[in-house]
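What follows draws every value from the coordinates through simple rules; no lab data is involved. This structure is a prediction, so every number in the text was calculated from the model and none was measured. Cβ placement follows ideal geometry from the backbone for every residue including glycine, while neighbour counts extend to all protein chains displayed.
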Number of protein chains: 2
Amino acid sequence: MARNGTQKSIDRAQEIHLTAAQIFFTKGYASTSLNDVANALAITKAGLYYYVEGKQDLLFQIMNLGLDSVKNEVLLPAQEITDAEARLKFTILNHARLAAGGNHAVVILSDEISALNFKQREKILQRRRIYFEFVRDTLVELEKQGKLHEIDITAATFTLLGMILWLARWFHSSGKLSVEKVCEDVCRMALRGLLREPQKI
Amino acid sequence: MARNGTQKSIDRAQEIHLTAAQIFFTKGYASTSLNDVANALAITKAGLYYYVEGKQDLLFQIMNLGLDSVKNEVLLPAQEITDAEARLKFTILNHARLAAGGNHAVVILSDEISALNFKQREKILQRRRIYFEFVRDTLVELEKQGKLHEIDITAATFTLLGMILWLARWFHSSGKLSVEKVCEDVCRMALRGLLREPQKI
């Protein structure tokens, strides 16, 4: 019973995050009030305060939600892969799946980092840095193995992440292109752009 | 004399656009008032109204400024290039130079399109479509020549533009990497990702 209650609370929190992300994205974070979020959820503002401390806290929670997905679905499983090329491929494909197939609003809201307070911002930046360094380290490893084209590694890491994150801005799964096909295309384009002799993708 | 007056007015308008872009970018468009812009320029709000009709009009002007640069420095000269591969290379390099070396705030503010009114939005989208179709047509031409890797052309066009526009978000010319080197790196990565046998870059 308590377990069900907890699960229900987690589901409710997630519903709040996803709905809020969508409204922040559509109306713009600065132009959205907690009232707008409460109205969309058909709850009272007091009811909403049970889950969030305020608008800034809600944005912080949404950003952490996005980073949780990247951690659990990309970073942690990728860290188990010994071969650097296979690890890079897994990372690109699975991060692309999140950006193209997941919640676009959550991905794009990560731009609103300046709306956070100092402590929240530092936490988000720290989490991002961990992921960035993980991708960068994989490219450094490939460079040492002589597999990487001559390129500045930092530029390569940012550009690669840009190719992936950009998916959330243009790709709509309702079109003729499937999530799977677009992720494979972006992955192939990235690997060919970076690696001297990429294995078949 | 009249000529000088006009030139002065154009310079002043440009100063207003660039300053406003920077404030919109730093504070967020929704959170910025015309008073903030007037204060930063050390002019009165009435003085500012001599140049702009309002905040929305100012955003619209800034977006057009960014699109003017792309048109004059990338699109028009690129259209003169007959060879598709040379045209693609020119397009990437010169657009990258604008995104990396130009005004980052202007590039990133293009995300604020939802803040425009219907008519303004349609105009901006139409201008963007013209450029998008130009890049896409170049890729179609390369595909017909058998020079392109197998890839969905629309996905390739969006991803390519994403790699370029992302530069405005991460690249700072104060770092150890020069604008020229980073643009060449991004251009090489893109051409290798797209073309079967890219010519030396």
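Some observations on this one:
- Net charge of Cβ neighbours under 14 Å - reference B:Ala84; Lys, Arg +1; Asp, Glu -1: -1
- Nm distances between copies for A:Lys27, ranked from closest, using label points 7 Å along Cα→Cβ: 2.1
- Taking the Cα centre of the stretch A:54-194 as origin and assigning +1 to Lys and Arg Cβ atoms and -1 to Asp and Glu Cβ atoms, the resulting dipole is close to 280 debye.
- For the stretch A:1-96, chymotrypsin sites (Phe, Trp or Tyr not before Pro) are listed when DSSP marks them as loop and at most 12 other Cβ atoms sit within 10 Å of their Cβ; the list is A:Tyr50.
- Between A:Tyr49 and B:His149, the C-beta separation translates, for a Förster distance of 51 Å, into a calculated FRET efficiency of about 0.45.
- Computed over chain B, the per-residue total of -39500 (n - 2.57) for DSSP H runs of n ≥ 4 gives a 222 nm mean residue ellipticity of -23000 deg cm²/dmol, rounded to 500.
- Equivalent ellipsoid semi-axes, the stretch A:54-194, via Cα gyration tensor eigenvalues times 5, rooted, Å: 26, 19, 13
- For GluC sites (Glu not before Pro), the sites in the stretch B:103-171 that DSSP calls loop and that have at most 14 other Cβ atoms within 10 Å are B:Glu150.
- Kirkwood hydrodynamic radius (C-alpha pairs) into Stokes-Einstein, the stretch B:30-93, 25 °C and 0.890 mPa s, D in µm²/s: 172
- Taking the label point 7 Å along Cα→Cβ, A:Lys119 and its counterparts in the other copies are spaced 4.9 nm apart, in ascending order.
- For the protein assembly as shown, convex hull of alpha carbons as volume per residue, Å³: 177
- Length-normalised contact order of the stretch B:54-194 in % [C-alpha pairs under 8 Å, at least 6 apart]: 35
- Lysines with Cα under 20 Å of B:Lys89, excluding same-chain neighbours fewer than 8 positions away: B:Lys71, B:Lys144, B:Lys147, B:Lys181, B:Lys200
- Within the stretch A:1-72, the proportion of Cα pairs with more than 20 Å between them is 28 percent.
- For the stretch B:116-201, diffusion coefficient by Stokes-Einstein and Kirkwood Rh (Cα), 37 °C, 0.692 mPa s, µm²/s: 223
- Cα-based Rg of the stretch B:1-125 normalised by 2.2 N^0.38 Å, two decimals: 1.19
- Cα centroids of the stretch A:6-46 and the stretch A:146-198: 32 Å apart.
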